[in-house]
1. Per q in 0.15, 0.16, 0.17 Å⁻¹, report the Debye log10 I(q)/I(0) for segment 1-157, using one uniform scatterer on each alpha carbon and no solvent.
2. Report, largest value first, the span of the C-alpha coordinates of segment 10-50 along each principal axis, in whole Å.
3. How many angstrom lie between the C-alpha centres of segment 14-30 and segment 116-143?
4. Identify the residues of segment 56-78 with backbone N under 16 Å of a label point that sits 7 angstrom from the Cα of ASP24 along the Cα-to-Cβ direction, or state none.
5. Using a Förster distance of 41 angstrom, determine the FRET efficiency expected from the C-beta separation of PHE161 and GLU203, and round it to 0.05.
6. Just to be sure I understand the model, the point goes 7 Å from the Cα along the line to the Cβ. What's the resulting LEU57 to ARG31 distance in nm?
7. Kindly state, to the nearest 0.05, the FRET efficiency for ALA148 paired with GLN210, given R0 = 41 Å and r defined as their beta-carbon distance.
8. Where Rh is the Kirkwood radius over the Cα pairs of segment 1-93, the temperature 37 °C and the viscosity 0.692 mPa s, what D in µm²/s does Stokes-Einstein return?
Amino acid sequence: MERDDSITLTLHGLAVDDGMVRADVFLQKLRALLDSLEIADRILNGSKSHEVIITDLRMGNAMARLCEKPSGGKKSAAFGSPLLESALTAASHDDLQIDQFPVELIKSLAPLTEMDSKRLSHGELGFAGNTVIRLDAHLARQTEQALARASGMPLATQSPFKGAAVAAFDGVLREIDSRGNTVRGKLVLTAGGREVDCIFRLEDIPALRQHFDRRARVEGMAHYDGVNLLPGRLEVVRIEPIIADTDLGRWRGALANRRAARPKGI
């Protein structure tokens, strides 16, 4: 059984590096994660009450699994990882309750979530309870907005909706990056050909890849940035293939009769 304090950092490298993760990038992200965990620890317990232990470490798609170990006999001290998970989830979902988290904790998320596309593809944070949060440019933008809101900075009034809502779209799915537990893709909308960034959890959608490059109705939690009418990201939970009937032969006679019967001038 997985420990309640476990947290897994997984990074995915660039194609130019054969998918391997650069050492300095891995160290930067690991350091940022440790800083965030320590801040969460101090917020909950009044002082640093845990040491973070590495329980697993792997190369390639670099992965480090960590756990919090109470220090100084503080067995009743609260783990910081659940608080960090809640803050990241609130930032990712553009939850207005982000105001309830200390600004210090939200600030610590910035170096953890920021992505340099020239040095790293993306990352993932896995928490106990099977929660996986994708670290990428979208989350970095969401974190920046969360910090502005938590700091009391005035935000420009936008007419489009800002927040998260359940939505469904008609389009063709294209796969972009299938590494890790969260697959990234693009949904090319049937109406207008616009693209919507999507992420999928493999365990939520059986036989996911059979839906790519086919027209489908895609449902999930859509995240709107308050600037664009289309969502910046769609967390997909359901895919229904759309089978279009392109054979118009059986309708030609009826259409021809309808045109012949139409009164003149109409």
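1. Once normalised to I(0) and log-transformed, intensities are -0.79, -0.89, -0.99.
2. 45, 13, 11
3. 14 Å
4. Of the residues in segment 56-78, none has backbone N under 16 Å from the label point off ASP24.
5. 0.90
6. Output for this residue pair reads 1.6 nm.
7. Computed FRET efficiency for ALA148 and GLN210: 0.50.
8. 230 µm²/s
The values are calculated or read from the model by the stated rules, or taken from the named source; none is laboratory data. Every value quoted in this text rests on a predicted model; they were computed, and no experiment measured them. Glycine gets a Cβ as well: all are built from the backbone with ideal geometry, and neighbour counts include every protein chain shown. Note: accessible area is taken over every heavy atom of the protein model, side chains too, but ligands, DNA and RNA are not part of it. Shrake-Rupley method; radii C 1.70, N 1.55, O 1.52, S 1.80 Å.
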